[in-house]
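Inspection log for the structure reproduced underneath, given as structure tokens.
The values are calculated or read from the model by the stated rules, or taken from the named source; none is laboratory data. Since the structure is predicted, the reported quantities are computational estimates derived from the model, not experimental observations. With ideal geometry, Cβ positions are generated from the backbone for all residues, glycine too; neighbour counts draw on all protein chains shown. The area values use the complete protein model at the heavy-atom level, side chains included, leaving out ligands, DNA and RNA. Shrake-Rupley method; radii C 1.70, N 1.55, O 1.52, S 1.80 Å.
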Amino acid sequence: MHVCVSTFACLYYSLSNVSLGVYQPCLPRLHCVCVFVTRLKKKGEMGKLDLIQTLSGHEGRVWNVCWHPQGNTLASCGEDKTIRLWFKEGSKWVNKDILTEGHQRTIREVAWSSCGNYLASASFDATTGIWDKKGGQFDCISSLEGHENEVKSVAWSKSGQLLSTCSRDKSVWIWEVIEDEYECAAVLNAHTQDVKKVVWHPHLDILASASYDNTAKLFKEDVADNDWICIATLSSHTSTVWSLAFDHSGTRLATCSDDCTVKIWQEYLSNNSEGIVTPDNNPVWKCVCTLSGYHTRAIYDISWCHKTHLLATACGDDAIRIFKEAEDSEKHTPTFILLATCANAHTQDVNAVAWNPSVPGLLASASDDGEVKLWQYEDN
Amino acid sequence: MGFDDLENINPKLYRKCNDREVTTEEESDDIYDEFDAREIFDLIRGINDPEHPLTLEELNVVKQNDVCVDNKNNEIKVLFTPTIPHCSMATLIGLSIRVQLLRSLPPRFKICVQIYPGTHASEEAINKQLADKERVAAALENNDLIACINDCIVVD
């Protein structure tokens, strides 16, 4: 019994460390109340998601999907500790490769490098795998160790020279990539609870993270002393922030949460014409829109298409929803409209959504039901 | 574990309810039975307390009235009441209930296990942990912990 109690204590942080009263799980819906104006939809403000293909093969829950930057390969991963690679042959997507023997436990996330030559995998076994295809097939060439427990997310910077990982150990790590060697450049302990997701800015070396502590944070390197620092904390969600996504420009960020809302944040640089104060001349990120009343359970993932500007959400209510900024939207008080809801997109929670980077409207989703699905969004 | 280590040395005991009386409608294969609260209660009332050689029912930690079943929306909610407000086993008990239901019920159900409001000092923190499916999934890959949960769930 004593063994198991101590095991448990290290799995679940001692309760004294958990700040109480920040969130109210018994009354989550009350926080979701917010003004959203219902108006008649105009032409082009409705659409539908058509199922293209169901990709079966994983055993158990599929946690994540990631498109190759050229859009011609999809990687998926999950509870069965494998990574599956799906290629298009003719009109069908087929499972050509199954990568095994990289991890001892669940693979939580996979990420392609922007050059497309490398794949990274984050696992509950506390390691991050790096895979490349130099030998003709994908092999795990490195296993990055350092996190104390489950690695939940991994992301490559646009330049490919930086990799980031995050874990239940509350830390975010930045790794420098130098000729297939990975060196830890920083360990960021800004979050007070486990960190769920890391995402890089689409053009700059700015990192965004989402956490169980209900916040998202932004980090960049301080050129003066080569130190990575937190430059912004985005507080407004009332429960775990599960995921986040930058828009094409990198000036907006969408976050999704256990509080059943999506929030859109906008960057205000120093000396902005709107007169928003920017302490230390760091950009300030303001919540300019909250999408509430649409999702009925935790929202596990969000993807912002850099081609079509469509937002897709993956929800614990088994649905996929598509949003877009309205054409008559104001820059500083934007309006986003729901274009489509695909109820029962899967038979269980939807864990991940990803827009294809080259084919407009092509979406991949992953679910607890063990399936990956491909969808095509069409305007009505 | 010696008596000195027990948090609650002398818990109050409650009477077990009688076995469910099976009706002829329920025995008929031609009639579709929805899940009901008693059925869910029967799945969890025999779970052993991690500290005492007693079941959650005998300690009044779970009660049929605190089980809510919504067949239409595929939702099942179970509230449990720790025997004392500082019970360090509360998360383990909640996890055992959750695991038992996950293993027993069809996957279409969304299962919510929470502490009965006002009965534990760390109610919000524990509820948040139990609701986080990623943490639960990771915990269930821990062999020591799953062995501990299996000890609670096993019915003698």
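Starting from the stretch A:188-204, keep only residues that are closer than 20 Å to A:Tyr300 by Cβ and within 14 Å of chain B (Cβ to nearest Cβ), then list their pairs with residues that are part of a loop (DSSP other than H, G, I, E, B) and open to solvent by less than 30 Å² (accessible area, probe 1.4 Å) whose Cβ atoms are within a distance under 6 Å, requiring at least 6 positions of separation or different chains.
A:Gln193/A:Tyr212; A:Gln193/A:Asp213; A:Asp194/A:Arg168; A:Asp194/A:Tyr212
Quickly run through the stretch A:262-292 and pick out the residues that are out of contact with any strand residue (DSSP E or B) (no Cβ under 6 Å at 6 or more places or on another chain) and in a loop (DSSP other than H, G, I, E, B).
Passing the criteria: A:Leu269, A:Ser270, A:Asn271, A:Asn272, A:Ser273, A:Glu274, A:Gly275, A:Val277, A:Ser292.
Residue under question is A:Ser270, and the condition is that it be more than 17 Å from A:Ser157 (Cα to Cα), in contact with a helix residue (DSSP H, G or I) (Cβ under 7 Å, 6 or more places away or on another chain) and free of Cβ contacts under 8 Å to residues at least 24 places away in the same chain; does it hold?
When the stated conditions are applied, A:Ser270 passes them.
Would you confirm whether any residue within the stretch B:79-96 is surrounded by fewer than 22 Cβ atoms within 10 Å (Cβ to Cβ), over 26 Å from B:Pro11 (Cβ atoms) and either in contact with a strand residue (DSSP E or B) (Cβ under 8 Å, 6 or more places away or on another chain) or at the interface with chain A (Cβ under 9 Å from one of its Cβ atoms) (or both)?
Looking for residues that are surrounded by fewer than 22 Cβ atoms within 10 Å (Cβ to Cβ), over 26 Å from B:Pro11 (Cβ atoms) and either in contact with a strand residue (DSSP E or B) (Cβ under 8 Å, 6 or more places away or on another chain) or at the interface with chain A (Cβ under 9 Å from one of its Cβ atoms) (or both), one finds none in the stretch B:79-96, hence no.
Which count do you get for residues in the stretch B:97-108 that are surrounded by 16 or more Cβ atoms within 10 Å (Cβ to Cβ) and either on the phi > 0 side of the Ramachandran plot or without any contact (Cβ under 8 Å) to a residue 40 or more places away in the chain (or both)?
1
Can you find, within the stretch B:131-156, the residue that is farthest from B:Ala37 (Cα to Cα) among those that are outside any helix (DSSP H, G or I) and more than 7 Å from chain A (Cβ to nearest Cβ)?
B:Leu140
I'd like the residue in the stretch B:103-130 that is in a helix (DSSP H, G or I), touching a Ser or Thr at 6+ places or on another chain (Cβ under 9 Å) and facing chain A (nearest Cβ under 7 Å) and, out of all such residues, is farthest from A:Arg108 (Cα to Cα). Break it down into steps so the answer makes sense when it comes.
So in the stretch B:103-130, the residues in a helix (DSSP H, G or I) come out as B:103-104, B:123-130.
Narrowing the set further to residues that are touching a Ser or Thr at 6+ places or on another chain (Cβ under 9 Å) leaves B:125-126, B:128-130.
If we keep only those that are facing chain A (nearest Cβ under 7 Å) too, we end up with B:125, B:128-129.
Values: B:Ala125: 24, B:Lys128: 20, B:Gln129: 18 Å.
So, considering only residues that are in a helix (DSSP H, G or I), touching a Ser or Thr at 6+ places or on another chain (Cβ under 9 Å) and facing chain A (nearest Cβ under 7 Å), the one farthest from A:Arg108 (Cα to Cα) is B:Ala125.
Just to check your reading of the model, which residue among B:Glu39, B:Glu34, B:Glu21 is open to solvent by 60 Å² or more (accessible area, probe 1.4 Å), in a helix (DSSP H, G or I) and either touching a residue at least 12 places away in the same chain (Cβ under 8 Å) or not basic (Lys, Arg) (or both)?
B:Glu39
Taking the criterion of being open to solvent by 50 Å² or more (accessible area, probe 1.4 Å) and at positive phi, would at least one residue in the stretch A:345-361 satisfy it?
No, the stretch A:345-361 contains no residue that is open to solvent by 50 Å² or more (accessible area, probe 1.4 Å) and at positive phi.
Every residue, every condition in (1) of a type in the set (D, E, K, R); (2) farther than 28 Å from A:Leu144 by Cβ; (3) surrounded by 15 or more Cβ atoms within 10 Å (Cβ to Cβ), yes or no:
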site: A:Lys196; (1), (2), (3): yes, no, yes
site: A:Trp228; (1), (2), (3): no, no, yes
site: A:Ile231; (1), (2), (3): no, no, yes
site: A:Thr240; (1), (2), (3): no, no, yes
site: A:Leu253; (1), (2), (3): no, no, yes
site: A:Cys289; (1), (2), (3): no, yes, yes
